[in-house]
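Heads up: the structure comes next, in structure tokens.
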Amino acid sequence: EEPEKSYHMFVLGMLIGLKERYEVKSNRESGLGRYEVILLPKNPSDLGIVMEFKKIHPSKKMSLKAAAASALKQIEEKQYAQDLFDRNVRRILYLGIAFEGKNTFIDHRFKK
């Protein structure tokens with residue numbers, strides 16, 4: 001659990017520079033669950049972003065690519081973009097971010 005928290009905080013730290021254009025929210029309820037990170041654009045015509053992280057445990061035989069795909073599936077199934085839809089944001093990027101130690105893989109999907 002701790003490595004995922006560290007990665008989460010690292011990403012949030014990088015996103016703080018976007019505060020003029022986005023509200024950066026973390027671990028909030030939306031849809032049917034809790035997203036990792038969401039970027040809510042202050043201008044609804046800008047791109048909204050939903051991120052979900054997946055840490056691969058050494059005991060599991062899952063690839064980084066499969067874990068990132070699983071994160072994208074979770075974003076859709078749990079309807080994490082609902083906050084964006086509620087604000088009339090229609091251009092949305094889903095990011096599935098998988099990591100194992102220092103190795104990372106990011107998959108994405110656009111929703112229009």
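Can you give me the distance in nm between label points at Met9 and Ser59, each placed 7 Å from the Cα along the Cα-to-Cβ direction?
Simple spin-label model gives 2.6 nm for this pair.
With a 10 Å radius around each residue's Cβ, average the other Cβ atoms per peptide and rank 57-65, 17-25, 45-53, highest first.
Details: 57-65: 10.9, 17-25: 12.9, 45-53: 20.3.
Order by mean packing, descending: 45-53, 17-25, 57-65.
Within region 75-102, what residues put their amide N at less than 14 Å from the label point 7 Å along the Cα-to-Cβ vector of Arg28?
Output list for this probe position: 80-89.
Using alpha carbon centroids, what distance separates region 1-58 and region 59-108, in Å?
11 Å
To test your reading of the geometry: what angle, between 0 and 90 degrees and rounded to tens, separates the Cα axis of helix 2-15 from the longest principal axis of the chain?
Roughly 30 degrees, rounded to the nearest 10.
Provide the net charge surrounding Leu72, with neighbours chosen by a C-beta distance below 13 Å and charges set as Lys +1, Arg +1, Asp -1, Glu -1.
+1
Keeping to pairs on different chains or 8 or more places apart, tell me how many lysine pairs in the chain have Cα atoms under 16 Å apart.
17
If you stretched the chain out fully between Lys102 and Asp86, how much longer would it get, using 0.36 nm times the residue separation minus the C-alpha to C-alpha distance?
Here the segment from Lys102 to Asp86 would lengthen by 2.2 nm.
Relative contact order for the chain: what is it in percent, counting Cα pairs under 8 Å that are at least 6 residues apart?
The normalised contact order for the chain reaches 25 percent.
Computed from the coordinates by the stated procedures, all read-outs in this text should not be read as laboratory data. Please read these numbers as outputs of a predicted model, since none were measured by experiment. Note that we place each Cβ from the backbone using ideal geometry, even for glycine, and neighbour counts take in every protein chain shown.
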